[in-house]
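Student: The structure follows.
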Amino acid sequence: MIIPLVIVTFIVNMLFASTAEDNKTDIAYTYIDKSINFQTSSLFSSGFKGKEQMITDIMLCLFGLIAFIALMILLSKKIKAIRNKKTIVIETIKKPLYMAKINTDPTPSKLAPADITHRISFSFNVIYKKCAKNNNTVIFDFDPSFHRHFLADHKSTTYLIHFILEFCINLVKNSTIVVSFDPINLQKDIHTYNVSIKINQNIIEIENKIKDALLQKSNYLHYKKLVLASKIANNLGTHINYSNGYDEFQFDFDLNLIPQDQFVATKFIQTPDPTKAVIASDDMDSYNTLVKQLTFFGIKVEPINEWAIVKKHIITTIFNPNLVFIQAKILARLPQAELTELKEAKERKSLSIIVISNNTNYDKIINSLDFEVYKLKQPYTSDYLLAILNKTQKNAISKLWGGYEVY
């Protein structure tokens, strides 16, 4: 504010100086002899030029003042914009990164044709990471023989399943959560599936709070995702059911889908000899889902899941498998001697070892191995599994011709 004050003071002084100059000119006209025309004319000319200079100075001052005010306005807007930008950055940092990809608006989206398993899998990487907090496992059980391409609100369906899963993995610990699609009515124009999300724990003590959330009456922060899921279900023309058993509870809802022409699916790469697999898994839900998918691809699976028996098949030639699936948590408790045996058998028999990881807690176990393995992150779709299987087959075929494995 000092600069505008100086400019105004300067203008006032100029005006007073101008008035004094005019008075001097009038006195000169009164007392100077009229006969000295040259001197009078010269004095008048000098006064006129002084007025021109004064006007010029005033205009320059006004222009400077206007320019200064405009500059201050621009600076004020710039400072405000910087402050707003800082506020936005701070809010973005405070908000969890994964939430940036999650829509909290239950507004329905337009129907669109798509592979339903592909669309649902968009959130699987987030779920894999979130499960680490309470050491949970999510299994996606969609039979690969089912029709997959539908005209539907896939965006809302994905968020509906995701919000229920998020609620569950934050609620329970050391649990297995299974997402299953079961056909109810498969007509030509519409397919109806029952989608269930089952958890192997009892939570009867909070049953009333869950029911309130599904009725959209809950204000508890921890039940917000369940309230949103209920709203989305209503928009899809369905509702979420809740049931609680002795040692488990589940949510389920019916889903109506309009079938579209099925795309040409990627096929399993066959080798000259039949492909055989063994699975070491402590979780029967995980084991049964994997067996169903491998069988669909034409892979013969030995019907055992205990590590002691699987180990015999790996070391000896009883079953002579090509593929060995083993849970990362089983590897975590193996002594170094058994890990060495597994490594030697892999190199001697050209085995492909696929480690099943429940969540990011097990990544460090896989990374600590001194031999190469494939990683199967849960939850996964049959397409994701097929991509790994075909990679093992390509490597197996390459090694037959003297090539090397590429992981």
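Only the coordinates and a few stated rules stand behind these numbers; no lab work does. Quick caveat: nothing in here was measured; it's all calculated off a predicted structure. For neighbour counting, all protein chains shown are included, and Cβ atoms are generated from backbone atoms with ideal geometry for every residue, glycine included.
Student: R0 = 35 Å: FRET efficiency of Leu186 with His239, Cβ-based, nearest 0.05?
Tutor: It comes out at approximately 0.95.
Student: For region 250-271 and region 197-227, what is the separation of their Cα centres, given in Å?
Tutor: Centre-to-centre distance over Cα atoms comes out at 30 Å.
Student: Something else about it: Do you know the relative contact order of region 101-259, to the nearest whole percent, from alpha carbon pairs under 8 angstrom that are 6+ apart?
Tutor: Once divided by the residue count of region 101-259, the mean separation gives 26 percent.
Student: May I ask you to list the trypsin sites (Lys or Arg not before Pro) in region 225-293 that are in a DSSP loop and have at most 15 other Cβ atoms within 10 Å of their Cβ?
Tutor: For trypsin sites (Lys or Arg not before Pro) across region 225-293 that sit outside H, G, I, E and B with at most 15 neighbouring Cβ atoms in 10 Å, the list reads Lys267.
Student: Could you derive backbone 3J(HN,Hα) for region 373-378 from the dihedral phi with the Karplus parameters 6.51, -1.76 and 1.60 (θ = phi - 60°), listing whole Hz in sequence and x where the residue is Gly or Pro?
Tutor: 9, 9, 10, 10, 8, 9
Student: Could you let me know the centre-to-centre spacing of region 103-140 and region 293-337, using Cα atoms, in angstrom?
Tutor: Taking the Cα centre of each part, region 103-140 and region 293-337 sit 30 Å apart.
Student: I would also like to ask the following. Set the Förster distance to 56 Å, then compute FRET efficiency between Asp370 and Lys217 from the Cβ-Cβ distance, nearest 0.05.
Tutor: Once the sixth-power term is evaluated, E becomes 0.50.
Student: Counting pairs of alpha carbon atoms under 8 Å apart in space and at least six apart in sequence, what relative contact order in percent does region 175-293 give?
Tutor: Contact order relative to length: 26 percent.
Student: Another question, if that's okay. Taking Rh as the Kirkwood radius computed over C-alpha pairs, what is the Stokes-Einstein D of region 101-259 at 25 °C in a medium of viscosity 0.890 mPa s, expressed in µm² per second?
Tutor: 154
Student: So what's the Cα pair-distance distribution over region 276-400, bin width 5 Å, in %?
Tutor: Per 5 Å bin, starting at 0, the Cα pair percentages come out as 2, 10, 23, 26, 22, 13, 3, 0.
Student: Now for a different question. Over the Cα atoms of region 172-234, Rg to Rh with Kirkwood Rh, two decimal places?
Tutor: Value, to two decimals: 1.06.
Student: Along its three principal axes, how long is region 204-247 when you only count alpha carbons? Whole Å, largest extent first please.
Tutor: 31, 21, 13
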